[in-house]
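The values are calculated or read from the model by the stated rules, or taken from the named source; none is laboratory data. Just so we're clear, the structure is a prediction, and the values are computed from it rather than from any experiment. When we count neighbours, we look across all protein chains shown, and the Cβ atoms used for this are built from the backbone with ideal geometry, even at glycine. Remember, those area values only see protein heavy atoms, side chains included, never the ligands or the DNA or RNA. Shrake-Rupley method; radii C 1.70, N 1.55, O 1.52, S 1.80 Å.
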Amino acid sequence: MNGMNGNQNSSKRFLKALRHEPVDRAPFWYMRQAGRYLPEYKATRADAGSFLDLCYNPKLATEVTLQPIRRFGMDAAILFSDILVIPHALGQDVRFVEGEGPLLDPIQNLKKLSLLHMDHLHERLAPVYETIDRLTTALPTETALIGFAGAPWTVATYMVAGRGTPDQAAAKTWAYRDPEGFSKLMDLLVQSTAAYLLKQIETGAEVIQLFDTWAGSLSAGQFDRWCIQPTAAIVKILKARYPDVPILGFPRGAGINYVRFIKETGVNGVSLDATVPADWAAEALQPYGVVQGNIDQRLVVAGGQGMIDDARRILDGLKNGPHVFNLGHGFVPETPPEHVAALSDFLRDGKA
């Protein structure tokens, strides 16, 4: 395997921004930049079979990772995979049903949890590592490679409910009723996620992003135990071996808890959801790390001058500190590619 974790001297714009070094413009990439809004993705997805088959096919996963880079020239590519490969690798049944999303065999007690283990983790995730290895040579030299995983709380919400839910009630009920039992699931996720991400870095990921999509559903009293502490534990493990690899967190919907998150987890920066005001982030967050974000993905669906004006507002509001332009959440399937092109052109040369 090639491996590319010695990136301290890299001149890639994205990595320079993460090191708080001067850059000629804000770097940009987009959450879900590879996906169903691109016709070439749909064609590749059809060739793959199931969604998990696509995630586990290194040739095709490499191709879909590269597709948006070819079209739009973002400063970073993010590995094409899914946060649910971890429960799948631990032995939980995971399948993706068209029109329904992910379906899992629910883990709602310690007896079912005892069936999960890390014995075959790297063996089952080997195709993901091969995808990263391929990308280290396939990407343009100026494009950084982001590896990622779901944060333990968000992954646990799917594992316990057996599907995505609007309120994460099943995981909350277990966590609140039996915190010691639920912590066993979270500990397994901390250890397996850290092992997975270490292997991603070893194979060539230059930056790590942790997605905690459902962090905002946690109550103020539970945010520390189920969001901050597990993230901090993973960061500590990764930094012990790779202290120079930047780690970014996305506690979506965290509100003012973003401050505690960036201060207490050890991450190098945070992604902001679209509700976070740029001026507040500049004052409260940028002194402690990089901020990524945070245009509303629906503005990109709408396109036009409103999209450009909001992008300019965000750039202006965060220009005095380390900033990577991104979305407040991922692209939706109905996003017109020409709107992404217009936004990317504006971000690249400042002309609307």
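Here is a list: Ala282, Ala254. Which entry is part of a helix (DSSP H, G or I), without any contact (Cβ under 8 Å) to a residue 60 or more places away in the chain, open to solvent by less than 60 Å² (accessible area, probe 1.4 Å) and in contact with a helix residue (DSSP H, G or I) (Cβ under 7 Å, 6 or more places away or on another chain)?
Criteria check complete, one pass: Ala282.
Could you please find all residues in the stretch 206-245 being in a loop (DSSP other than H, G, I, E, B) and open to solvent by 10 Å² or more (accessible area, probe 1.4 Å)?
Scanning the stretch 206-245 gives Thr213, Trp214, Leu218, Ser219, Ala220, Gly221, Gln222, Tyr242, Pro243, Asp244.
Which condition number does Val301 fail, the rest of (1) touching a Lys or Arg at 6+ places or on another chain (Cβ under 9 Å); (2) more than 24 Å from Val23 (Cβ to Cβ) being met?
Every condition holds for Val301 apart from (1).
Hey, among Ala151, Ala170, Ala175, Ala144, which residue is more than 18 Å from Val85 (Cβ to Cβ) and buried (at least 24 other Cβ atoms within 10 Å of the Cβ)?
Ala144
What's the number of the condition Gln200 fails, among (1) over 21 Å from Val235 (Cβ atoms); (2) crowded, with 20+ Cβ neighbours inside 10 Å?
(1)
With the condition kept exactly as written, say whether any residue in the stretch 294-310 is of a type in the set (A, V, I, L, M), touching a Ser or Thr at 6+ places or on another chain (Cβ under 7 Å) and not in a strand (DSSP E or B).
For the stretch 294-310, residues of a type in the set (A, V, I, L, M), touching a Ser or Thr at 6+ places or on another chain (Cβ under 7 Å) and not in a strand (DSSP E or B): present.
Determine whether Gly249 is open to solvent by 30 Å² or more (accessible area, probe 1.4 Å), in contact with a Gly (Cβ under 9 Å, 6 or more places away or on another chain) and not charged (D, E, K, R).
Taking the combined requirement at face value, the residue does not satisfy it.
Just for the stretch 163-205: of the residues that are part of a loop (DSSP other than H, G, I, E, B) and among the charged types (D, E, K, R), which one is farthest from the chain's Cα centre (by Cα)?
Out of the qualifying residues, it is Asp178.
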